[in-house]
Each structure stands twice: as C-alpha cells, then as structure tokens.
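S.K.: One structure, pasted below without further comment.
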Amino acid sequence: MHRPLFIDLRTLPEGGKDISGQELPTFFDLDPKDSIQAVSPLKYDLHVERDGADLIVTGRLGATFSLECGACLERFDYRVELENYSSEVEIAKDDTINLTDTVREDILLTLPSYPRCDAGNVHPRQCPAEGRFEPELEPAPDEPQSAGPGVWEALNKLN
C-alpha cells in the first residue's frame, strides 16, 4: 500500500529524509456537497526530520480548489501554494506518524473564509455581483432645533 505521508520513526535516518509526490484530490476528504472541492492533486516536496520530541516537516505543498463565491454564487478556482511550509508534530511514541491530517488541515486553513471570485488566483476576473449588494445610503433627516433637549443638555442635567 502506497502511504508516503506515514513516517516510520524507527527507520528514519539521523538527517531525516525527503519525500515528494502527489496525492489524488480525494486526499482532502471533502464532502461532495461542500462549497469547497479539490480539483487538482496535492503536490508535495517535503523534508522530515526528528528534533527531540518533535518531527519537523518543511518543504512545499500545492493544490487547486474550486470555491463558491459568496457574492455571485459562481464557482472559481483558487490555487494554494505553500512554498515555505513548516510544521512541528509532537512524537507520542517511537512508531509511525501519519502526516495526512496535519498536511490536509494546514492547506485547508489557508483557503479564504469568505471566498470571492474576484480573489481567484487561477483565472482572475471581476465578480459579476460587484456593486449589486451595496447599501444605498440615505441622508439622515435633519433634526429640527426645537425637537427638545440635545444630547449634551441631557448629560449636563445628570451632574
């Protein structure tokens, strides 16, 4: 079974080791109904090395996602490139560490919380809903001078 993100600490060389490759979009384990979908494989080029009670993971990660715009509801592509990826994973026991959840979480956390298609970095475009939902500012009606005591007068009465 191909499991490159499973690191066997018992056989990890003193200077660590390099792992690279790609995982299918299903790696991200996203619900098909989710507004976020992976559309490209995860590409990784990582170095893993033990540092005392931690496993240090450094390198590069990249994947493309299809997101739903929060304004126009159209889908757009967004590329995540973590060129200087770095993570520390605590070593609980000298056995095997699975980096799958760590890598998956670190990539998904870089996606925008409120995606807008005009922020798409694969095929830049202007959102078709731009300006459609701007509130119309109506000028506040002028309060007549004889409307009663002003705010400052009410405060003065408290003293």
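The values are calculated or read from the model by the stated rules, or taken from the named source; none is laboratory data. Nothing here was measured: the structure is a model prediction, and the numbers come from that model. Cβ coordinates were reconstructed from backbone atoms using ideal geometry, including for glycine residues, and neighbour counts include every protein chain displayed. Protein only, heavy atoms only, side chains kept; ligands, DNA and RNA dropped before computing areas. Shrake-Rupley method; radii C 1.70, N 1.55, O 1.52, S 1.80 Å.
S.K.: Among residues belonging to the range 28-49 that are touching a Gly at 6+ places or on another chain (Cβ under 7 Å) and under 19 Å from Leu109 (Cβ atoms), point out the one that is most open to solvent (accessible area, probe 1.4 Å).
M.R.: Just the residues of the range 28-49 that are touching a Gly at 6+ places or on another chain (Cβ under 7 Å), to begin with: 43-49.
Right, trim to under 19 Å from Leu109 (Cβ atoms) and you get 43-44, 46.
Details: Lys43: 98, Tyr44: 9, Leu46: 3 Å².
Top of the filtered list is Lys43.
S.K.: Output the number of residues of the range 1-40 satisfying the condition of being among the polar types (S, T, N, Q), part of a loop (DSSP other than H, G, I, E, B) and under 12 Å from Ala63 (Cβ atoms).
M.R.: Residues of the range 1-40 among the polar types (S, T, N, Q): 11, 20, 22, 26, 35, 37, 40.
From what's left, part of a loop (DSSP other than H, G, I, E, B): 11, 35, 40.
Filter once more, keeping what is under 12 Å from Ala63 (Cβ atoms): 40.
Selection size over the range 1-40: 1.
S.K.: Another one. How many residues does the range 70-125 contain that are buried (at least 16 other Cβ atoms within 10 Å of the Cβ), under 14 Å from the mean Cα position of the chain (by Cα) and assigned to a loop (DSSP other than H, G, I, E, B)?
M.R.: Selection size over the range 70-125: 3.
S.K.: So, one more: Starting from the range 10-25, take each residue that is surrounded by fewer than 10 Cβ atoms within 10 Å (Cβ to Cβ) and list its partners that are part of a strand (DSSP E or B), counting only C-beta distances under 8 angstrom and pairs at least six apart or across chains.
M.R.: As it stands, the answer is Gly15/Glu49, since those pairs meet every condition given.
S.K.: A further question on this structure: Output the number of the condition that Gly52 fails; it satisfies all remaining conditions of (1) open to solvent by less than 20 Å² (accessible area, probe 1.4 Å); (2) within 28 Å of Ala92 (Cβ to Cβ).
M.R.: (1) is the only condition that Gly52 fails.
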